[in-house]
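The values are calculated or read from the model by the stated rules, or taken from the named source; none is laboratory data. Keep in mind the model is a prediction, meaning the values are calculated, not measured. Counting neighbours? That spans all protein chains shown, and the Cβs are built from the backbone with ideal geometry, glycine included.
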Amino acid sequence: MGMTLAEKILARHADRPATAAGDLLHCRVDRIMATDITAPMSIEVFRRMGAERVHDPDACILINDHFVPAKDIRSADFARAMREFAAEQGIRDYFEVGRSGICHTLIPERGLVGPGEILVGADSHTCTAGALGCFATGVGSTDLAAAWALGEMWFRVPGTIRVEVEGEFRPHVTSKDLIMHLVGRLGVEGARYRAIEFGGPAVAAMPVHARLTLCNMTIEMGAKAGMVPCDAATVEHFSGRDRAVAEGPFPDHDAAYDETLRIDVSLLEPQVAEPFLPSNVRGAGEFRGVKVDQVFIGSCTNGHYEDLAQAAAVLKGRTVAPGVRLIVTPATQEIYLRAVRSGVVADLVEAGAAVTTPTCGACLGGHNGVLGRDEVALTTTNRNFRGRMGDTSSRVYLANPAVAAATAALGHIGLPEDLP
Amino acid sequence: MSAHAPFEGRVWLFGDHVDTDVIIPVRYCVTADRDELGRHAMAGADPDFAGRIARGDFIVAGSNFGCGSSREVAPVALLGAGVGAVVAASFGRIFYRNAINVGLPIFESPEAAVACSQGDLVRAVPEEGLLQNLTSGRAFAFAPYPQQVARIVAAGGLENYVRERLSKRRPR
C-alpha cells in the first residue's frame with residue numbers, strides 16, 4: 001500500500017521505510033517556530049526541563065507578530081523575553097518589529113521551510129505552511145520547549161482526507177471561499193486528528209498565496225495538517241526566495257485515504273461564516289443587509305498583497321460608509337512595502353481605511369481593532385468564536401477580501417456587485 | 001497530578017465546541033501565572049465560573065472541547081481555577097496534547113458527556129478507566145490513553161518526561 005503525503009514525510013523523519021495512519025512515530029523536526037505570545041511560556045518550561053542549549057539554533061524561528069509593536073507593558077516584557085532568548089541561544093532566524101510580519105505569512109515569504117520538511121509551531125495556524133508541500137502543525141508551548149530541547153517530537157500518524165478541486169473560480173470568488181465552503185461541509189471537527197491533502201486542476205492552477213489561505217483554515221476543521229504537494233508553482237515561489245527546491249514529494253498513487261471529496265469551484269459563490277463558529281457558512285448573499293461597525297482586512301488568512309490589492313480594487317474611487325471603521329493590516333513588512341509602492345495603500349487610505357503595521361492584532365482581539373460591547377464586524381480572518389475579537393457580546397462574520405471591501409463601502413454585508 | 005488515585009468533584013456542564021477563546025480570552029493571556037490565569041478560566045462562557053467552582057470540580061462537555069488556538073494557557077487556566085478534570089465527548093487535538101503535557105487530567109467519553117447533569121457528583125478512577133456518576137449511580141468507561149500519552153501522564157507531564165530524558169543523555 002502506498003503512502004499519503006503526510007505519511008511519507010513523517011516516515012522519512014523517523015527513518016522508517018513506511019508508515020500508516022495510527023502509527024506512533026518519533027520524528028526529527030526541521031523547523032521549530034514560536035512567537036512573542038507563546039515563546040515566553042516555552043522559555044520558562046525549557047529552563048524547568050533542565051535544558052540549557054536548544055538542540056539546533058538554526059532550526060529555531062522566533063517571530064514578533066501577536067502583540068507588536070508592544071500593546072502594553074506585559075507584552076513588551078513578553079517580547080523582551082523572546083529577544084533575550086534568541087541572543088542567548090544564537091538563534092539567527094529571529095524577526096524584530098519592523099523586519100517581521102505574521103509568522104504564517106513570513107515563513108513562506110522568506111522560504112524558511114521547504115517541501116518534505118516538518119515544521120512545528122506554537123500557533124494553531126502553523127498548518128498554513130503545508131501549502132509548500134511540508135508537514136506543518138501547531139503545538140503548545142510545552143511541546144515546543146520539548147522540541148527545542150530534543151530536536152524531535154512524537155506524532156500519531158494522521159489519516160488523510162483527499163480533496164480534489166476542479167473548475168475555475170468566478171469573479172470575486174477565491175480560495176478563501178473554497179476553504180470556508182469545506183469548513184461548512186465538514187464542520188469544525190470534521191478533520192480532527194487528520195491531515196487534508198489538496199489536489200486537482202484548480203489547485204494546480206492556484207498561486208502559492210491562495211494555497212496558503214487554503215491550508216490556513218484546515219485547523220478550523222480540527223486538522224493536524226493541510227497540504228499541497230510541491231509542484232512547478234511552489235518551485236517558482238522558492239526560486240524567487242533564492243532557495244532551490246525540486247518538485248515533490250508526492251503522495252503515492254495507491255495511497256490509502258480516509259475519504260476523497262470532490263469540489264467544483266465554478267459552482268461556488270462568495271461565502272460568509274456567521275457567529276459563533278467558522279462552520280456556520282452560507283452564501284454571502286444570504287447575509288445582505290447585516291449592519292457592521294467594523295471591517296477588518298488582514299491576518300494570516302488574507303493579509304497577502306493580492307488580498308489587499310483585491311480590496312483596494314473594489315474600494316478605488318469609493319469611500320468607507322459613515323459609521324463604519326475599516327482596518328487593514330498587511331501581513332508582513334514586504335507586503336506592506338509592495339502595497340505602498342504599488343498605490344494599494346494610497347487607494348485604501350483615500351477610501352478611509354486605517355492601515356496598520358503588520359501584526360496579528362485585531363484578528364485575535366489583541367489590539368489595533370478590538371471590538372466593544374454588541375459591536376459587529378466582518379473580517380477576512382479565520383475564527384468567529386464568541387469574544388474572539390473583543391467583548392463577549394461582539395459578533396464576527398468571516399468573508400473574503402472583496403466581500404469585506406464591499407461591506408466597508410456599503411456599511412452592511414454585501415457583494416461587490418451591490419455597490420452603486 | 002496523581003496519575004492513578006481516584007478523585008471526585010461536582011459537574012460543571014458545557015456544550016459542544018468550547019473553544020480556547022472561551023476558555024481563556026486573549027486579553028488575559030499575557031502572563032504564564034497559573035493562579036492569575038485561573039481567575040479568568042471560562043470567562044468567555046461564564047465570567048463567574050472561576051469564583052464559583054470548588055477545587056477538584058469536573059468540567060463535562062460535548063465534542064471538540066478546546067478547539068481553536070494553540071494557547072497552552074487554556075489548560076493551565078483550568079488548572080489554576082482548580083478544575084480537577086475535563087470529561088468530554090472529544091477534544092481538539094492541540095488542547096489534548098497541551099492538557100496531557102501540563103498535567104490536566106482529561107478523559108474522553110461520549111457516553112458520560114450526555115449522561116451527566118450540572119452539579120452531579122462524579123468520581124474518576126483512572127486505573128480502571130472509569131468515570132462513576134455517584135449522583136445517578138451510572139458508570140462510564142473512557143478511552144485508554146495511547147501508549148506515548150500514558151508515558152507522559154505517568155511522568156506527571158511532559159516537563160518531567162523531558163527532564164528525565166535529558167538527564168539520561170547527559171554524561172556525568
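The table below lists the values:
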read-out	value
Search result, residues across region B:46-84 that are away from chain A (no Cβ under 13 Å), buried (at least 24 other Cβ atoms within 10 Å of the Cβ) and within 10 Å of the chain's Cα centre (by Cα)	B:PHE58, B:ILE59, B:VAL60, B:LEU78, B:VAL83
Qualifying position, being in a loop (DSSP other than H, G, I, E, B) and closer than 14 Å to A:HIS181 by Cβ, among A:GLU247, A:GLU269, A:GLU220	A:GLU269
Criterion (in contact with a strand residue (DSSP E or B) (Cβ under 7 Å, 6 or more places away or on another chain) and outside any loop (DSSP other than H, G, I, E, B)) met by exactly one of A:LEU337, A:LEU348	A:LEU348
Residue that is farthest from A:VAL314 (Cα to Cα) [pool: residues in region A:376-405 that are out of contact with any strand residue (DSSP E or B) (no Cβ under 7 Å at 6 or more places or on another chain) and of a type in the set (Lys, Arg)]	A:ARG386
Qualifying residue in region A:48-63 (condition: without any contact (Cβ under 8 Å) to a residue 40 or more places away in the chain and closer than 21 Å to B:ASP33 by Cα)	yes
Test: A:ALA311 is in contact with a strand residue (DSSP E or B) (Cβ under 7 Å, 6 or more places away or on another chain), outside any loop (DSSP other than H, G, I, E, B), modelled with pLDDT of 95 or more and away from chain B (no Cβ under 14 Å)	yes
Some residue of region B:2-9 being closer than 21 Å to B:PHE140 by Cβ and touching an Asp or Glu at 6+ places or on another chain (Cβ under 6 Å)	yes
Residue in region A:35-61 that is nearest to the other protein chains (Cβ to nearest Cβ), counting only those that are buried (at least 24 other Cβ atoms within 10 Å of the Cβ) and not in a helix (DSSP H, G or I)	A:MET49
In region B:70-87, the residues that are free of Cβ contacts under 8 Å to residues at least 40 places away in the same chain and assigned to a strand (DSSP E or B)	B:VAL86
Neighbours by Cβ (under 7 Å, 6+ apart or cross-chain): first from region B:17-35, among the charged types (D, E, K, R) and surrounded by fewer than 24 Cβ atoms within 10 Å (Cβ to Cβ); second modelled with pLDDT of 95 or more and in a helix (DSSP H, G or I)	B:ARG34/B:VAL76; B:ARG34/B:LEU79; B:ARG34/B:GLY80; B:ASP35/B:GLY80
Residue in region A:154-165 that is among the aromatic types (Phe, Trp, Tyr), crowded, with 19+ Cβ neighbours inside 10 Å and under 17 Å from the mean Cα position of the chain (by Cα) present	no
Among the residues listed as A:ARG373, A:ARG383, the single one being within 14 Å of chain B (Cβ to nearest Cβ), touching a residue at least 60 places away in the same chain (Cβ under 8 Å) and of a type outside the set (A, V, I, L, M)	A:ARG383
Complete set of residues in region A:166-183 that are in contact with a Lys or Arg (Cβ under 8 Å, 6 or more places away or on another chain) and crowded, with 20+ Cβ neighbours inside 10 Å	A:SER175
Selected residue [more than 14 Å from every other protein chain (Cβ to nearest Cβ) and either farther than 30 Å from A:MET217 by Cβ or free of Cβ contacts under 8 Å to residues at least 24 places away in the same chain (or both)] from B:GLY103, B:GLY129, B:GLY156	B:GLY129
Flag for A:ASP391 being within 14 Å of chain B (Cβ to nearest Cβ), touching a Leu at 6+ places or on another chain (Cβ under 8 Å), at pLDDT 95 or above and surrounded by fewer than 18 Cβ atoms within 10 Å (Cβ to Cβ)	yes
Region A:262-292 - residue that is over 22 Å from the mean Cα position of the chain (by Cα) and over 22 Å from A:GLY411 (Cα atoms) and, of those, farthest from the other protein chains (Cβ to nearest Cβ)	A:SER266
Selected residue (criterion: farthest from A:GLY390 (Cα to Cα)) from residues of region A:293-326 that are among the aliphatic types (A, V, I, L, M) and more than 24 Å from the chain's Cα centre (by Cα)	A:LEU315
Every residue from region A:1-28 that is farther than 20 Å from A:GLU197 by Cβ and assigned to a loop (DSSP other than H, G, I, E, B)	A:ASP15, A:PRO17
Residues located in region A:375-384, provided they are buried (at least 24 other Cβ atoms within 10 Å of the Cβ) and farther than 11 Å from A:ALA273 by Cα	A:ALA377
Identity of the residue in region B:107-126, within 14 Å of chain A (Cβ to nearest Cβ) and in contact (Cβ under 8 Å) with a residue 40 or more places away in the chain, that ends up farthest from A:LYS224 (Cα to Cα)	B:ALA113
Filtered residue count, region B:1-54, keeping only those that are closer than 26 Å to B:TYR161 by Cα and touching a helix residue (DSSP H, G or I) at 6+ places or on another chain (Cβ under 7 Å)	10
Single match in B:GLU36, B:GLU8 (criterion: at pLDDT 95 or above, among the acidic types (Asp, Glu) and within 25 Å of A:GLY361 (Cβ to Cβ))	B:GLU36
Index of the failed condition, A:VAL68 passing every other in (1) in a loop (DSSP other than H, G, I, E, B); (2) surrounded by fewer than 24 Cβ atoms within 10 Å (Cβ to Cβ)	(2)
Entirely in region A:101-201, the helices (runs of 4 or more DSSP H) that have 2 or more residues that are at the interface with chain B (Cβ under 10 Å from one of its Cβ atoms) and out of contact with any Leu (no Cβ under 7 Å at 6 or more places or on another chain)	A:141-150
Given (1) more than 21 Å from A:GLY121 (Cβ to Cβ); (2) touching a helix residue (DSSP H, G or I) at 6+ places or on another chain (Cβ under 8 Å); (3) of a type in the set (Asp, Glu), number of the condition A:GLU197 does not satisfy	(1)
Qualifying positions in region B:36-62 - within 18 Å of B:ASP16 (Cα to Cα), in a loop (DSSP other than H, G, I, E, B), free of Cβ contacts under 8 Å to residues at least 40 places away in the same chain and out of contact with any Asp or Glu (no Cβ under 8 Å at 6 or more places or on another chain)	B:MET42, B:ALA43, B:ALA45, B:ASP46
Output for region B:135-153, where each listed residue is assigned to a loop (DSSP other than H, G, I, E, B), away from chain A (no Cβ under 14 Å) and surrounded by 13 or more Cβ atoms within 10 Å (Cβ to Cβ)	B:THR135, B:SER136, B:PHE142
